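A short worksheet on the structure shown next.
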Amino acid sequence: EMRDTTMKSVDEIRNQLHLPMLGEVPQFTEEPAHMDDSQFDSALWYYYRPASREAEAYRSLRTSLLLKTERNGAKVLQVTSAEPGDGKTTSVSNLALAIAQTGRKVLIIDADLRRPTVHKLFGINNAVGLGDVLAQEIDAQTSIRETRISNLSILTAGMLPENPSEMLMSRRFAEMVNQLRNEYDYILVDTPPLVVVSDPSVIASTVAPTGLTTRQ
């Protein structure tokens, strides 16, 4: 127990890190009911159960995030976590749904070029995506897929390169983000866990100054 340095509560995170807390989402404990034929994953609680406490938690997070970003002008938000399984992709997807519901144009970029999962949550083909754009096989606009949710689009990971960190450090990635920044109200970038690979640190320099970390 003395060697356990993990934080077990929101209060511990707040007291130890001294960082602003934008919101708290409860851990999902059951499958949502009334799933339809949209091919959306059951983890999209905001879509399947808009009246649930989980969905309300994302509304609260959305409100805090919009108030903060509209003051400082941030439009590109990186979402990561400490370790695998912390729920970053679930948070990215539900938060994107919540923001899109306000009429703002939202894009999710799956920048996890090692174990991408955004396409699975939305039931989208992952044949082409960010990896192909960075390899200059296709342009970003052609790769972006619209969803059945108004104002929400997705750029899946696509081809998984052998050197993801180097590709994410490339000028092409920065140029792509800057271009898309002018076309969307918000861009949410899903990145791998921080303690596993260096990719999140590489991406942070492009999407700075605003980042969002999830912790289960």
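Need the failing condition index for Leu121 against (1) free of Cβ contacts under 8 Å to residues at least 60 places away in the same chain; (2) not in a loop (DSSP other than H, G, I, E, B), just the number.
Every condition holds for Leu121 apart from (1).
Determine which member of the set Ile124, Ile203, Ile144 is at pLDDT 95 or above and open to solvent by less than 40 Å² (accessible area, probe 1.4 Å).
Unique residue meeting the criteria: Ile144.
What number of residues within the range 159-202 are more than 30 Å from Thr102 (Cβ to Cβ) and among the polar types (S, T, N, Q)?
5
In the range 65-83, which residues are assigned to a helix (DSSP H, G or I), in contact (Cβ under 8 Å) with a residue 60 or more places away in the chain and within 17 Å of Ala100 (Cβ to Cβ)?
Within the range 65-83, Leu65, Thr69 qualify.
Kindly provide the set of residues from the range 45-64 that are of a type in the set (Lys, Arg) and either open to solvent by less than 20 Å² (accessible area, probe 1.4 Å) or part of a helix (DSSP H, G or I) (or both), ordered by number.
Correct list: Arg53, Arg59, Arg62.
With respect to Asp41, is the statement that it is of a type in the set (D, E, K, R), surrounded by 14 or more Cβ atoms within 10 Å (Cβ to Cβ) and out of contact with any Pro (no Cβ under 9 Å at 6 or more places or on another chain) true?
For Asp41, the condition - of a type in the set (D, E, K, R), surrounded by 14 or more Cβ atoms within 10 Å (Cβ to Cβ) and out of contact with any Pro (no Cβ under 9 Å at 6 or more places or on another chain) - is met.
Identify, by number, the condition in (1) part of a helix (DSSP H, G or I); (2) closer than 25 Å to Trp45 by Cα; (3) at pLDDT below 95 that Leu97 doesn't meet.
(3)
For Lys105, only one of the following conditions fails: (1) open to solvent by less than 20 Å² (accessible area, probe 1.4 Å); (2) touching a residue at least 60 places away in the same chain (Cβ under 8 Å). What is its number?
(1)
Which residue is nearest to Asp112 (Cα to Cα), if the candidates are limited to the range 123-168 and must be polar (S, T, N, Q) and out of contact with any strand residue (DSSP E or B) (no Cβ under 7 Å at 6 or more places or on another chain)?
Restricting to residues being polar (S, T, N, Q) and out of contact with any strand residue (DSSP E or B) (no Cβ under 7 Å at 6 or more places or on another chain), the top hit is Ser165.
Output the residue which, of all residues in the range 183-198 that are more than 20 Å from Lys68 (Cα to Cα) and not hydroxyl-bearing (Ser, Thr, Tyr), is surrounded by the most Cβ atoms within 10 Å (Cβ to Cβ).
Here the residue is Pro192.
Answer yes or no as to whether Glu166 is more than 22 Å from Glu183 (Cβ to Cβ) and open to solvent by 60 Å² or more (accessible area, probe 1.4 Å).
Yes.
The values are calculated or read from the model by the stated rules, or taken from the named source; none is laboratory data. This one's a predicted model, so the numbers in the text were calculated from it and none came from an experiment. Cβ: placed from backbone, ideal geometry, glycine included. Neighbour counts: every protein chain shown. Areas reflect the complete protein model, heavy atoms only, side chains present, ligands, DNA and RNA absent. Shrake-Rupley method; radii C 1.70, N 1.55, O 1.52, S 1.80 Å.
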